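The values are calculated or read from the model by the stated rules, or taken from the named source; none is laboratory data. No experiment lies behind these values; they were computed from the predicted model shown. Counting neighbours? That spans all protein chains shown, and the Cβs are built from the backbone with ideal geometry, glycine included. Accessible surface areas use protein heavy atoms only, side chains included; no ligands, DNA or RNA. Shrake-Rupley method; radii C 1.70, N 1.55, O 1.52, S 1.80 Å.
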Amino acid sequence: MNDVPDSAFDRDADGRLFSPEVRAALAGFSVDGDTAALEAAAAVRSAARGLDQLRSHGTGSRGLSAGALDVLIRLAGREAGINVKDLAASAGVSSRNVTGLVDTLERAGLAARVPDTRDRRSVLVRITPDGRTWLEDFRRPSQAAMAAVFRGFTAAETTTLRHLCLRLVENQQHLARYLEDR
């Protein structure tokens, strides 16, 4: 299942939302009839896709991809700048990918490559004043959109959701390492 379709949801006996369409489709796929993990994965994909679409809509109208936005946000927290290798590591992507994103930000005047004063062989990437202005202009509508997406969530629910999603990421990382070692 790619994701949860845009359709009405039902509630189970505990009052928890589920998609009858996804449950029915997965019932025939599961080995033992237990679709809970498969349904949860479909729901996570659906939520992630929706957030990505919302983010793309917000950044696209401002001329940046979601990846370039991620890099720009990371640069904003590094007053002195950061080298491409460390920037890539912090974003969990390849240096090659970050180099292309930095090229995009540089062409837009939002970031600049500067010499590293501590190491003549190294180059740092820094956010520019225009980059800071761009982020500030993006911040308010972005926060309003997230407030709408998480409307009705308590602070504890938001924290629990974050924790559970990061547990998924952690489990995926462990599985990936296991598969690489085989």
Only Lys, Arg (+1) and Asp, Glu (-1) charged, at Cβ; the chain dipole about Cα centre in debye: 880 debye
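So what's the back-of-envelope 222 nm ellipticity for the chain, counting only DSSP H runs of four-plus at -39500 (n - 2.57) apiece and dividing by all residues, rounded to 500? Don't skip to the answer; put the middle values down first.
Working: 7 runs with 113 residues, N = 182.
Here the helix-only value at 222 nm equals -20500 deg cm²/dmol.
How large is the charge dipole for region 93-182, taken about the Cα centre, if only the Cβ atoms of Lys, Arg (+1) and Asp, Glu (-1) carry charge, to the nearest 20 debye?
Values: 15 positive and 11 negative charges, 25 e Å.
Using only the charged Cβ atoms, the result is roughly 120 debye.
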Using a 1.4 angstrom probe with every protein chain in place, what is the largest-first accessible-area order of 52, 119? 52, 119
Under a 1.4 Å probe, counting only protein heavy atoms, residue 159 has an accessible area in Å², nearest 10, of 70 Å²
Quick check: residue separation of residue 148 and residue 80 times 0.36 nm, minus the Cα distance between them. What number comes out in nm? 21.0 nm
Is the shape of region 66-136 rounded, prolate or oblate, going by the alpha carbon gyration tensor and its root eigenvalues a ≥ b ≥ c, with a/c under 1.5 for rounded and a/b larger than b/c for prolate? oblate
With the other protein chains left in place, how much accessible area per residue, in square angstrom, belongs to region 38-103 at a 1.4 angstrom probe? 54 Å²
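According to the square roots a ≥ b ≥ c of the eigenvalues of the Cα gyration tensor, what is the shape class of region 85-182, taking rounded for a/c under 1.5, prolate for a/b larger than b/c otherwise, and oblate for the remainder?
Since a/c reaches 1.5 but b/c is at least a/b, the shape of region 85-182 is classed as oblate.
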Quick one: accessible surface of residue 18, probe radius 1.4 Å, all protein chains present, in square angstrom to the nearest 10. 40 Å²
Full-stretch length increase - residue 49, residue 99 - with 0.36 nm per residue and alpha-carbon distance subtracted: 15.5 nm
For Rg and Dmax of the Cα atoms in Å, which listed value, (1) 20.5, 65; (2) 15.8, 49; (3) 16.4, 53, comes from the coordinates shown? (1)
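Can you tell me how region 9-109 classifies by the Cα gyration tensor, rounded, prolate or oblate, using a/c under 1.5 as the rounded cut?
Values: a/c = 3.36, a/b = 2.57, b/c = 1.31.
The shape class here is prolate.
Express the carbon and sulfur contribution to the solvent-accessible surface of the chain as a percent, rounded to the nearest whole number, probe 1.4 angstrom. Walk me through the numbers on the way to the answer.
On the way: 6790 of 12670 Å².
Accessible surface attributable to carbon and sulfur in the chain totals 54 percent.
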Quick one: how many Å² of residue 180 are accessible to a 1.4 Å probe, rounded to 10? 140 Å²
